[in-house]
Amino acid sequence: MGLLTILKKMKQKEREMRLLMLGLDNAGKTTILKKFNGEDVSTISPTLGFNIKTLEHKGFKLNIWDVGGQKSLRSYWRNYFESTDGLVWVVDSADRLRLEDCRKELSSLLLEERLAGATLLVFANKQDLPGALSKEAIQEALALDDIKSHHWCIIGCSAVTGKNLLAGVDWLLDDIAARIFTTD
Amino acid sequence: MEAMAEHSQETRVTGESGADKIQERLQRRHQARAEDAERKKEAQASQSVAEEKSGYFLSTFNAERASIEDLLSSCSGADRAVVTQTLEEATVKTLQLQKFLNDSMLFLTQYELRRAQDALKKLLTSSADIREEALPKKKFAFRARSKATDKVSAPPVTDTPTVTDSTKVDVAPAESVQCCFSNMDNVCMIKTAEEINKQDVLLTHLTNCKVRLFGSPSTLHMTHIDNCEILCGPVSSSVFVDHCRNSTLAIPCQQLRTHNTTDTQVYLHVTSRAIVEDCRGVGFAPFTCSYPTLDEDFIVSGLDRHRNNWSQVDDFNWLAAGTPSPNWALIPEADRKTNWEL
Ligand SMILES: Nc1nc2c(ncn2[C@@H]2O[C@H](COP(=O)(O)OP(=O)(O)OP(=O)(O)O)[C@@H](O)[C@H]2O)c(=O)[nH]1
Ligand SMILES: [Mg+2]
């Protein structure tokens, strides 16, 4: 076996990524995770603690951590930062009243050293609601254009209809893969 | 960004001899790979620590729980003094177990956490049963702080139903339309399906109002509600309540999320769970109201009518839920509101 073949084999084995989903409570994190995995979303309760899901997608093994977003749980978020390849920040696009909270929480996360290498995907969720703000409006409200420290992308989606969930995750995986797996 | 740096270096070496180039490239690959592997190892280590911890938790928890069960079962047939002492011991142990659960919450999955909470609940119930049986008279009752109900029953409401136009919240850019009713005092408001079906409805800054939302919104958000009575048809997803006081709410929904709320009664149909956070004096009872289009609205909402977890409330400030949270209670049947006419 040539050296290149061995290298390729190694690469295949290690195509594993750790994704961390955070966002305010009620944003739709758990619903996104379950919908993405093809599970029933009607029985989801507000998350006490966290859920982990391991799934295969596009030849990657994804370890997805979905941590509860209630105020009382946010101080625990930092316990999940280690080795995160991708951060998925989920926003309830119809929750105008808490957009400022949402911006603050995100900007303090981005200062975290342990998340420094992570790619950021922002899901502007609940686009199916008539009162949802557009992804452009969310981008502005969260001051995403000021982010220089991370690769980021915002995608409008709906966990209920499933719209754009795949597009978001695919972008995230491509970005991470380009960073951590050497390409030929 | 690392990738970019590497890439530009690589382009720089293209001028050198072929063999050198490949050599260097391989070396760099190798290094990157080693770093990746290191990173992966760390990730796995942190995950296995979590697994180990949860394994340790489960075995300790189950052992402790078994010993409490032994204590409790030793009570049967024992005499009063012994029972008193044994129960005392069991209670102390249960409280310690609760503390242990609290401290372990971080690395338990939701499923493990709930199982443990249920087990604790069971222990407490059976020790309460034993106490009741062996040492009667010392009655323990947990009553709702639901005195506010009296106040709500005679609010100063205008007798002509006023229809208030949707107003926009000022923080909102005006491009998308949210169905919003805000800044009202002493108003009686009725909305019907045409206006609210499938909408995301927002109620804010309402004082002394009676509100009837006959229809099925997609979601309902209410904040700064004071001394109001709000009845809403089935909401297909979540209801978010913030800063509400001295009020009565009646809602079927998928999730209820209650924050910063005090002295409020909730008549609830919830197909997943209700939670409270930073609340005091919140009472819960099953949703039993009816109005002419309720059946249709249930169908529009897609909610399961036969699944109502109204009495299972999670208090996020009281996570080791072995003992009931002091922040909410079930409304005793005798105190429940039955008349919802305007
Ligand atoms: N209309 C609509 N509702 C959604 C969407 N995504 C989630 N929801 C609803 O929003 C509510 C909250 O969803 P969850 O997935 O529990 O939210 P979460 O972010 O996990 O919340 P925490 O666990 O408290 O942090 C649920 O009632 C969902 O049905 C969406 O895209 N559209
Ligand atoms: Mg959740």
Prolate/oblate/rounded call for the stretch B:179-330, Cα gyration tensor, a/c under 1.5 rounded: oblate
Please name the residues of the stretch A:40-67 whose accessible area, counted over protein heavy atoms with a 1.4 angstrom probe, falls by no less than 50 Å² between the chain alone and the full protein assembly. A:Ser45, A:Pro46, A:Leu48, A:Phe50
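Starting from the Cα-Cα distance between A:Ala178 and A:Arg103, subtract it from 0.36 nm times their residue separation and give me the gain in nm to one decimal. Kindly include the intermediate steps, with their values, before the conclusion.
Numbers: separation 75, 0.36 × 75 = 27.00 nm, distance 2.76 nm.
Roughly 24.2 nm would be gained on extension.
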Which percent of the accessible heavy-atom area of the stretch A:15-181 goes to carbon and sulfur, probe 1.4 angstrom? 49 percent
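Based on the mean of other Cβ atoms within 10 Å per residue, sort peptides B:231-239, A:78-86 so the most packed one is first. Kindly include the intermediate steps, with their values, before the conclusion.
Details: B:231-239: 25.0, A:78-86: 19.3.
Highest-to-lowest ranking by the protection proxy: B:231-239, A:78-86.
Enter the accessible area per residue of the stretch A:15-181 (Å², integer; probe 1.4 Å; all protein chains in place). Mind dumping the intermediate values first?
Working: 6020 Å² over 167 residues.
I get 36 Å² per residue for the stretch A:15-181.
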Treat each spin label as a single point 7 Å out from the Cα along the C-beta direction, and report the B:Asp103 to B:Glu333 distance in nm. 4.3 nm
iface A-B | buried accessible area, total | probe 1.4 Å | Å², round 100 | 4700 Å²
How about the stretch B:309-342: which chymotrypsin sites (Phe, Trp or Tyr not before Pro) there are in a DSSP loop, with at most 16 other Cβ atoms within 10 Å of their Cβ? B:Trp340
What residues have an amide H closer than 5 Å to that of B:Phe284, excluding those fewer than 5 places away on the same chain, when H is modeled at 1.01 Å from N in the peptide plane? B:Val266, B:Ala329, B:Leu330, B:Ile331
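Test of understanding: what is the full-extension gain from A:Thr43 to A:Tyr76, defined as 0.36 nm times their sequence separation minus their Cα-Cα distance? Don't skip to the answer; put the middle values down first.
Working: separation 33, 0.36 × 33 = 11.88 nm, distance 2.48 nm.
Answer, rounded to one decimal: 9.4 nm.
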Under Karplus coefficients 6.51, -1.76 and 1.60, residue-wise ³J(HN,Hα) of the stretch B:55-70 in Hz, glycine/proline x: x, 4, 4, 4, 5, 5, 4, 5, 5, 4, 5, 4, 5, 5, 4, 4
Rounded to the nearest 0.05, what FRET efficiency do A:Glu112 and B:Asp79 have when you use their Cβ-Cβ distance and R0 = 41 Å? 0.10
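Taking the Cβ-Cβ separation of B:Leu342 and B:Gln27 as r and a Förster radius of 56 Å, what is the calculated FRET efficiency to the nearest 0.05?
Details: r = 80 Å, r/R0 = 1.43.
Once rounded, the FRET efficiency stands at 0.10.
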Quick one: of B:Lys99/B:Lys122; A:Lys71/B:Lys337; A:Lys61/A:Lys135; A:Lys53/A:Lys163, which pairs are farther than 24 Å apart, Cα to Cα? A:Lys71/B:Lys337; A:Lys61/A:Lys135
Two-site label geometry, B:Gln312 and B:Asn183: point separation in nm, points 7 Å out along Cα→Cβ: 4.3 nm
Show me, for the stretch A:47-63, the HN-Hα J-couplings you get by feeding each phi into the Karplus relation (A = 6.51, B = -1.76, C = 1.60, θ = phi - 60°), rounded to Hz, glycine and proline as x. 7, 9, x, 7, 10, 10, 9, 10, 9, 9, 8, 6, x, 9, 9, 9, 9
Can you pull the Rg over Rh of the stretch A:84-140, Cα-only, Kirkwood? 1.01
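Does the stretch B:58-109 come out rounded, prolate or oblate, given a ≥ b ≥ c as the square roots of the eigenvalues of its C-alpha gyration tensor, rounded meaning a/c under 1.5 and, failing that, prolate meaning a/b above b/c?
Working: a/c = 5.16, a/b = 2.44, b/c = 2.12.
Verdict is prolate for the stretch B:58-109.
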Which residues of the stretch A:146-184 end up with at least 50 Å² less accessible area in the presence of all protein chains than when their chain stands alone, using a 1.4 Å probe? A:Ile180, A:Thr182
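Please report, as a whole percent, how much of the solvent-accessible surface of the stretch B:179-330 comes from carbon and sulfur atoms (probe radius 1.4 Å). Working shown, then result.
On the way: 2210 of 4550 Å².
Of the solvent-accessible surface of the stretch B:179-330, carbon and sulfur hold 48 percent.
Mind checking Rg over Rh on the stretch B:252-312, alpha carbons, Kirkwood formula for Rh?
Checking Rg against Rh, the ratio lands at 1.00.
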Percent antiparallel among DSSP beta bridges with both residues in chain A, to the nearest 5? 25 percent
If one takes the longest principal axis of the Cα atoms in chain A, at what angle in degrees, from 0 to 90 and to the nearest 10, does the Cα axis of helix A:165-180 lie? 40 degrees
Cα pairs beyond 24 Å in the stretch A:15-181, in percent, come to 27 percent
On Cα atoms only, tilt of A:99-109 relative to the major axis of chain A in degrees: 30 degrees
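The values are calculated or read from the model by the stated rules, or taken from the named source; none is laboratory data. Predicted model, so just to flag it, every value in this text is computed and none were measured. Don't worry about glycine lacking a Cβ; one is built from the backbone with ideal geometry, like all the others, and counts go over all protein chains shown. Accessible surface is based on the protein model in full, side chains and every heavy atom, while ligands, DNA and RNA are left aside. Shrake-Rupley method; radii C 1.70, N 1.55, O 1.52, S 1.80 Å.
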